[in-house]
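The values are calculated or read from the model by the stated rules, or taken from the named source; none is laboratory data. Because the structure is predicted, anything quoted here is derived from the model rather than measured. We place every Cβ from the backbone using ideal geometry, glycine too, and count neighbours over all the protein chains shown. Surface accessibility is based on the protein's heavy atoms, side chains included, excluding ligands, DNA and RNA. Shrake-Rupley method; radii C 1.70, N 1.55, O 1.52, S 1.80 Å.
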Amino acid sequence: MLNPTHPFSQRRETLGLSLTDVQQHLSRQGFNYSVDMIRAFEQGERGYPVQNTGFMLAMSECLRMPVSSVQRTARQTTNSAQGTRMFYQRVKRLRPQNRYLLNFVLRHPSLTRIPGFNYWFEMVKSIALQLPDEWFNRD
């Protein structure tokens, strides 16, 4: 779920800035975020404080980007990360059989192009749901 190619991470690396450089710039502007927190922002573990316009201004100065671009990108990546987290949370709540079938189809998406795939998938799913959950647990 981590996003090592976050647009801000790419921009920071292009400018030759380290996370420590970003942290020092932000602290000069009055934002005392740790390097770990900034890394969490870039990896999508935490959302950027997009409502804090001062922080967005400080980030735009550091990354040498327009404030509107920084804010728009931060919102998009935050929304994307939230959607990804929601997807994984929903997958975790599925029965093991359904999780197994979903992972199989996600690994082999070309199967969905087979004529009658939906019918055969439903047949396999109905059989799989009758089997014990323990058969599909990978613990």
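Key figures for this structure:
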quantity: Burial order of peptide ranges 59-65, 97-103 (average beta-carbon count within 10 Å, highest first); calculated: 59-65, 97-103
quantity: Geometric extent, Cα atoms of the chain - Rg, Dmax (angstrom); calculated: 21.4, 62
quantity: Thr73, Thr112, Thr84, reordered so the largest accessible area comes first (probe 1.4 Å); calculated: Thr112, Thr84, Thr73
